[in-house]
Amino acid sequence: MGKLEVGIVGCGNIFNLAHKPALKHMECIKVTACADIDEERAKEGAKFFNARAFQSLDEFFDLDFDVVEILTPTYTHAEIAIKALKAGKHVIVEKPIALTTEEAERMIKTAEKEGLKLFVGHVRRFDKRWVQMKDIIKKRNILPMHIRKTEVQNLPFPAHYWYWDESKSGGVALDLGVHVTDFLRWFFESSPIEVLGVGKAIKEEAKTNNTFDHFIMMIKFEGGKTGIAEVSWAYPYPARYGVFYHHVDVIGKNGRIRYTPLDTPVVGVAKANFEMPRFSPLLSTFPDAFERELRHFFDCIKNDTEPAVTAHDALIALKIAEKAKESARKGEVVRL
Amino acid sequence: MKKLNFGIISYAHPHAIRYASTIAQSRRAKLHSISGDGANSDVAKGEAKKYGAKFYRNYEDLLKDENVEAVYIAIETYRHKEVAIRAAEEGKHILLEKPIALTLDDADEVIKAAEKNDVKLMLPFNPRFTDPLIKAKEMVEAGEIGALEYIHAISENVKPPIFLQGLNMEWFLDVRKSGGGGFMDTAPHGIDSLLWLTKSLPKRVYADIGAKIYGFPVDDIGTAVLEFKNGIIAVLTAGWGNPKGYSYGLEIKYYLVGREGFLDVRTAYPDFTVYQDRAEKIYWDRPDVRAIVEKFVMAVLKDREVPISGEDAKKNLAIILAAYESSTTGKKVSLSL
């Protein structure tokens, strides 16, 4: 098999920040087409890869390539993915897999029916911090029973941006929530039983959009394990820097592992205004995590093998987050 | 200045050791006598010798000593009610180890006995007397981080008391004596600090508390989600979840998130670190215990209000018991405090 030909749908933030630089030096693939509803963005992306630019998805999918990367807002994932699968393309879609589990299930069924691969970009599974941590947990037999994972930032986008529109992004409980629910399931190696969700609207952007920007989940997993997820777009970090932080606290039968951003050697900058240290231009993870993720997915396509994180994993991550939102709305615990 | 004559009843609770040394060093209190009821009677006796205090085999004799004006009660929790009521009847002012009692009814009886006999009753919850948290509260109230929205607290997470050397801590593992395991032991501290920081009370609590880490017959770690009347949400983890190798003796951490900033309170006490087979933090000061003793002593000597009353401790217990109920039923529990 020669080089995989890749088409990109959605040439916005996550494309420019993460996928474009990751794909740039990948010798096993070639990006042949870039589509975006914004003509300029499509052209810019296409120019970078010396590929063809599209505004129309129908024309884009008529083109003969192997795999499509869907990097559009969450609410469009299902429609585009199903269209791509029906057009005979393998699919790599950004997380969350879709806006609803119903959509996600249709995507998975379509992929099965068409005999094509469907991958979801749960990039945390390729982040060397968490990969190493999971490795240490196994090697040292930590046996985690209580894990708290926090992913917090001050979302730097204005109120009209799609992230704040719950009907487009699912809100913070879904958008960041799926990262944490998947992380907890990955680390516990256990199934979720029930979830309590509690949300708050702290920033004006959240209040005007009638959505939460700070969300807590307490998830009971089989075997008496407790997962605590905290996701926030409302952390009062200086918005200019858009800093994004993770905290992890794993308490197990045979030890404890903690991670805070300041445990890692970084360059802190003290000026007239304190500037939080930051790790990478991506804020949430490292550039090489995306590269590792995409290489892995491309290998799975070439060798017809199962990925480290499946569409089904993504579906469960979404289901937990969805039930947590339901719990917050009802004010009671929801079973999974 | 007059010194308050203190008696310590029982060394069942390991805090007795710290309170004894703090009382002994106080300029306004004298460690007058110690009784050896309950567990660690030998330790109590040795301590009496060390501090030149009178030793009584049982608390009744200590209470009959007319020179004793106040008592610190560190007996097993299930005997709090019995001993506290007797102390009140004998006219002794009471500093009572937490939790106040096993049940809310028992707590009421203790409170009533203190009122009836006109003695002070105070409960010692530590975090609010630690310097970093006092500073954090000052900053919150000065508006430095805007309106307080969310608190994440680990308060306190310790190593199981049975790891303490030279002390018999078995009663902590007997729910009939302790009322619960790690969460019952340490969460009251965290709860008190949350009420103090938020200046509010929770209207609902959800918790998951269990024997997760060590396989004890009682719970060793728990986490509660508290929804306060004023809209603040708090997540509190407490218990005995730390491994033997954890470098701090006890862990107190707070993340206070306001609309315009956050405060990261990483530890409660000033320490230095000793490195041998493992790193160990040594606290070179415990201003919290000193403050608790001083405030109690001054409340007695000057007839002032105690900073933490029996009613405060009863509310605290109500929240703790609601958390246990939630953990058992798997549902949120509403509180009417």
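The values are calculated or read from the model by the stated rules, or taken from the named source; none is laboratory data. What you are looking at is a predicted structure, and each value in this text was computed from that prediction instead of being measured. Here Cβ is always computed from backbone atoms with ideal geometry, including for glycine, and neighbour counts include all displayed protein chains. Heads up: the accessible areas ignore ligands, DNA and RNA and are worked out on the full protein's heavy atoms, side chains in. Shrake-Rupley method; radii C 1.70, N 1.55, O 1.52, S 1.80 Å.
Among the listed residues A:ALA206, A:ALA229, identify the single one that is closer than 18 Å to A:SER169 by Cβ, in a helix (DSSP H, G or I) and not polar (S, T, N, Q).
Within the list A:ALA206, A:ALA229, the selection yields A:ALA206.
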Of the residues in region B:107-116, those that are surrounded by fewer than 22 Cβ atoms within 10 Å (Cβ to Cβ), out of contact with any strand residue (DSSP E or B) (no Cβ under 9 Å at 6 or more places or on another chain) and touching a residue at least 24 places away in the same chain (Cβ under 8 Å) come to B:ASP108, B:GLU109, B:LYS116
Qualifying helices (runs of 4 or more DSSP H) (wholly inside region B:33-148; at least 1 residues being hydroxyl-bearing (Ser, Thr, Tyr)):
B:41-51, B:59-64
Boolean, B:LEU195 is at pLDDT 95 or above and surrounded by fewer than 19 Cβ atoms within 10 Å (Cβ to Cβ)
no
Being among the acidic types (Asp, Glu) and at positive phi is the filter here, so list the residues in region B:295-337 that pass it.
B:ASP303
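Please pick out the residue among A:ALA201, A:ALA159, A:ALA111, A:ALA206 that is among the small types (Gly, Ala, Ser), outside the structural domain of A:VAL248 (by TED's automatic domain parsing) and at negative phi.
A:ALA111
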With respect to the numbered conditions (1) more than 9 Å from chain A (Cβ to nearest Cβ); (2) modelled with pLDDT under 95; (3) outside any strand (DSSP E or B); (4) more than 30 Å from B:ALA12 (Cα to Cα), which one is the sole condition not fulfilled by B:GLU260?
(1)
Residue count, region B:250-281, condition surrounded by fewer than 12 Cβ atoms within 10 Å (Cβ to Cβ) and of a type in the set (Val, Ile, Thr), comes to 2
Total residues in region A:243-272, condition out of contact with any helix residue (DSSP H, G or I) (no Cβ under 9 Å at 6 or more places or on another chain) and either at pLDDT below 70 or open to solvent by 50 Å² or more (accessible area, probe 1.4 Å) (or both)
12
Taking region B:223-246 and keeping only residues that are in contact with a Phe, Trp or Tyr (Cβ under 7 Å, 6 or more places away or on another chain) and facing chain A (nearest Cβ under 7 Å), one is left with B:VAL225, B:ILE233
Would you mention how many residues in region B:7-39 are open to solvent by 20 Å² or more (accessible area, probe 1.4 Å), farther than 12 Å from B:VAL293 by Cα and not small (Gly, Ala, Ser)?
4
How many residues does region A:209-226 contain that are more than 7 Å from every other protein chain (Cβ to nearest Cβ) and in a loop (DSSP other than H, G, I, E, B)?
7
